[in-house]
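Worksheet for the structure shown next.
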Amino acid sequence: MVNMTQGDVLVASMTRPEMLPAMKKASAIVTDEGGVTCHAAIVSRELNIPCVIGTKIATTMIKDGDRVEVNATQGIVRIIK
Amino acid sequence: MLPYLDELKQLNLPSKQYAIFGSGPLAIRGIREARDIDVLVKKDLWDSLAKIYPPNEKGNGLIIGHVEVFSQWEPFDVNVNELIDTAEIIENLPFVRMEYVIEWKKHVGREKDKKDLELIEDYLKSDRTLKDS
């Protein structure tokens with residue numbers, strides 16, 4: 001999380017309160033786990049940050065530096081080659 | 001950020017009968033740390049807990065380890081049941097909604113509440129520059 005820069009997409013297994021500074025830098029958040037009441041869902045809604053939760057595989061499929069497109073309306077996360 | 005959640009979960013309080021308030025709603029979001037957990041409970045639950053657990057120093061709450069239980073959020077004229085019934089579930093635990101926290105802190109207006117209000121304002125004021133462009 002220390003490597004997060006403004007506008008990065010934050011990809012994590014799940015988010016925790018300690019990750020708020022990184023979340024505030026994120027242009028979007030993607031998690032492996034969680035439901036509609038998870039920390040990522042609550043905070044992203046309040047901060048108006050697009051968020052896709054419960055992908056199960058985001059952290060295994062997406063690597064640091066990958067370019068990704070997040071469509072939070074449709075729940076789609078796409079790795080852009 | 002919010003310690004002793006396990007302690008609270010072990011109490012196995014009945015759902016819809018309690019909500020975390022005080023600094024808890026701030027801590028669960030990561031706005032600031034909390035040193036303990038304050039829980040607001042409905043009257044029936046308060047009555048049964050008061051038979052088991054000792055009062056706090058001020059006599060307005062009960063001490064259950066690191067969890068402090070209250071039946072009122074003074075000075076606040078919002079109905080306790082409403083605060084609990086409208087609680088927001090975050091990570092499977094009920095938290096008093098942030099709008100009530102803001103209202104309460106504005107109402108009380110102590111120095112620490114003013115600081116918390118600044119932190120909440122800062123929390124809600126994200127840099128949307130990249131997204132707006």
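Remarks
- Bridge type composition, the stretch B:1-132 - antiparallel percent by DSSP, nearest 5: 70 percent
- Trypsin sites (Lys or Arg not before Pro) restricted to the stretch B:19-58 and DSSP loop, no more than 13 other C-beta within 10 Å: B:ARG35, B:LYS51, B:LYS58
- With Cα atoms, 0 to 90° folded angle of helix B:98-108 axis to chain B main axis: 80 degrees
- Calculated on alpha-carbon atoms, Rg and Dmax of the protein assembly as shown in Å: 19.1, 64
- Cα gyration tensor shape for the stretch B:7-133, rounded if a/c is under 1.5, else prolate or oblate: prolate
- Debye intensity ratio I(q)/I(0), log10, chain A, q values 0.15, 0.19 Å⁻¹ (C-alpha model): -0.43, -0.72
- Angle between chain B longest axis and helix B:111-124 axis [Cα atoms, degrees, rounded to 10]: 50 degrees
- Each helix, a run of at least 4 DSSP H residues, gives -39500 (n - 2.57); summed and divided by the residues of the protein assembly as shown, these come to -9000 deg cm²/dmol at 222 nm.
- Partners of B:LYS115 within straight-line reach, counting lysines whose Cα lies under 21 Å from its Cα and excluding those fewer than 8 residues away in the same chain: A:LYS24, B:LYS105, B:LYS106, B:LYS125.
- Within 10 Å of the Cβ of each residue in B:80-93, the mean number of Cβ atoms contributed by other protein chains is 2.
- Percentage of interatomic Cα-Cα distances in the stretch A:12-55 larger than 18 Å: 8 percent
- With R₀ set to 35 Å, the beta-carbon distance separating B:ASP44 from A:ASN3 gives a calculated FRET efficiency near 0.10.
- Between B:ARG32 and B:SER15, the distance separating the two model label sites (each 7 Å from Cα on the Cα→Cβ line) works out to 3.2 nm.
- Residue by residue along B:1-10, Cβ atoms of other protein chains within 10 Å of the local Cβ number 1 on average.
- Taking every residue in B:29-38 and counting other chain Cβ atoms within 10 Å of its Cβ, the average works out to 3.
- The stretch B:1-80: GluC sites (Glu not before Pro) falling in loop per DSSP and having at most 14 other Cβ within 10 Å: B:GLU33, B:GLU57
Only the coordinates and a few stated rules stand behind these numbers; no lab work does. Just so it is clear, the structure is predicted and the values come from calculations on it, not from any experiment. No Cβ is skipped: glycine too gets one built from the backbone with ideal geometry, and neighbour counts run over all protein chains shown.
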